[in-house]
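Values quoted throughout were computed directly from the atomic coordinates according to the rules given, and no laboratory measurement underlies them. Just so we're clear, the structure is a prediction, and the values are computed from it rather than from any experiment. Please note: Cβ atoms are built from the backbone with ideal geometry, for glycine as well, and neighbour counts cover all protein chains shown.
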Amino acid sequence: MQIMQSDLISAELRNRFKHASRVLVLTGAGISAESGVPTFRGGGNTAVWKGMPFDVISSATMVERDLPAVWEWFDYRRSLLQKLQPNPAHYELARWADVFQEFTLVTQNVDGLHRAAGSRDVIELHGSVWRARCVSCRTSYEIIPGERRPDVCVGCGGSLRPDVVLFGEMLPSGAFEIAAERAQACQLCFVIGTSALVYPAAGLPEIAKAAGAYVCEVNPEFTPLSALCDEVLTGKAGEVLPLISQ
Ligand SMILES: NC(=O)c1ccc[n+]([C@@H]2O[C@H](COP(=O)([O-])OP(=O)(O)OC[C@H]3O[C@@H](n4cnc5c(N)ncnc54)[C@H](O)[C@@H]3O)[C@@H](O)[C@H]2O)c1
Ligand SMILES: [Zn+2]
């Protein structure tokens, strides 16, 4: 079985992995599935909080209408996430930061598991449940696991809200632009555990491909991006990723 799995990685990919200096990785909910976080389309989107569907309680409208209820929901989500651990895929990507001259990790996830695995400078396109943000001056505050979450901005006294991109909101300015620049410049691009339906994030592998990068997908299922990829590794991220650098 082990031999069959190693055969999954082509000689071409191994060679490119060995020689690349600029690498970009885009991850989605699937990379955290083996840690026990439900994916969006795998059940996460059917969650209901106090009778409110996921996309209502996690919406910009709800922040304006009932911020304490939004916090209750995010406090609950953090309490679940706090018990979970990064999996071998998160740890493998944390190691890749030392392998390449320029390594960019872009995630759509808000669970903080890349950071928990040791990745630094993660571009969190959709924010993080482990941060709060002032609604007035946008100052961001870390939420430390096990500690009381800050509830008011020390700078301006404004209310804090989860620093997460909610339904009906735009991505924070800057983050995507940096990711797009890195995608444009990378030689090797991995798309891991994303259904590749949410734009602009799903546009990053397209930018990389158009600029001449070798694009590799890791996912147990095919996605709308599979056809664009040079190589599709069909399998679970936690099992496939550690094989690539072997
Ligand atoms: N962990 C999180 O932070 C989290 C969880 C759910 C949703 N979200 C948000 O919801 C949106 C949904 O988009 P998405 O594309 O990230 O998620 P998605 O649920 O739409 O897609 C998940 C993808 O992961 C694949 N997958 C499942 N198990 C896998 C595994 N073990 N290894 C590799 N791939 C696996 C599935 O086949 C699917 O293609 C994102 O914007 C994200 O911010 C985040
Ligand atoms: Zn403030």
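Based on the alpha-carbon gyration tensor of the range 163-246, what equivalent-ellipsoid semi-axes (square roots of 5 times the eigenvalues) come out, in whole Å, largest first?
They are 23, 16, 12 Å, listed largest first.
In the range 139-246, which chymotrypsin sites (Phe, Trp or Tyr not before Pro) fall in coil by DSSP and have 10 or fewer other Cβ atoms within 10 Å?
Sites meeting the loop and neighbour criteria: none at all.
Only sites in a loop by DSSP and with at most 16 other Cβ atoms within 10 Å count here; which trypsin sites (Lys or Arg not before Pro) in the range 62-129 make the cut?
Values: sites: Arg65, Arg77, Arg78, Lys83, Arg95, Arg115, Arg120; in loops: Lys83, Arg120.
Sparse-neighbourhood loop trypsin sites (Lys or Arg not before Pro): Lys83, Arg120.
Kindly write out, for the range 168-183 in residue order, the coupling ³J(HN,Hα) from the Karplus curve 6.51 cos²θ - 1.76 cosθ + 1.60 (θ = phi - 60°), rounded to whole Hz, with x marking Gly and Pro.
For the range 168-183, the Karplus curve yields x, 10, 7, 5, x, 6, x, 4, 5, 4, 5, 4, 5, 4, 5, 5 Hz.
At what distance in angstrom do the alpha carbon centres of the range 9-77 and the range 121-178 lie from each other?
16 Å
Report the charge-dipole magnitude of the chain in Debye, nearest 20, computed about the Cα centre from +1 at each Lys and Arg Cβ and -1 at each Asp and Glu Cβ.
360 debye
With a 10 Å cut-off between alpha carbons and a GNM built on the chain, which of Gly193, Gly118, Gly158 moves the most?
Of Gly193, Gly118, Gly158, the most mobile in the Gaussian network model is Gly158.
Binning at 10 angstrom from zero up to the longest distance, how are the C-alpha pair distances of the chain distributed in percent?
7, 31, 35, 19, 7, 1
Within a 10 angstrom radius of the beta carbon, how do Glu177, Glu169 rank from fewest other beta carbons to most?
Ordered from fewest to most neighbouring Cβ atoms within 10 Å, Glu177, Glu169 come out as Glu177, Glu169.
Which residues' amide hydrogens lie under 5 Å from the amide hydrogen of Leu233, considering only partners 5 or more residues apart or on another chain, with H built in the peptide plane?
Under 5 Å from the amide H of Leu233 lie the amide H atoms of Glu217, Val218, Asn219, each far enough along the sequence or on another chain.
Mind checking which of Glu147, Glu221, Glu12 has the largest fluctuation in a GNM of the chain, springs on alpha carbons under 10 Å?
Of Glu147, Glu221, Glu12, the Gaussian network model singles out Glu147 as fluctuating most.
Rounded to the nearest 5, what % of DSSP beta bridges with both residues in the chain are antiparallel?
In the chain, approximately 30 percent of DSSP beta bridges are antiparallel ones.
Rounded to two decimals, what ratio of Rg to Rh does the range 50-156 give with C-alpha atoms and a Kirkwood Rh?
Result: Rg/Rh = 1.01.
Loop only per DSSP, at most 14 neighbouring Cβ atoms within 10 Å: give me the trypsin sites (Lys or Arg not before Pro) in the range 142-227, ordered by residue number.
Listed in order of number, the matching sites are Arg148.
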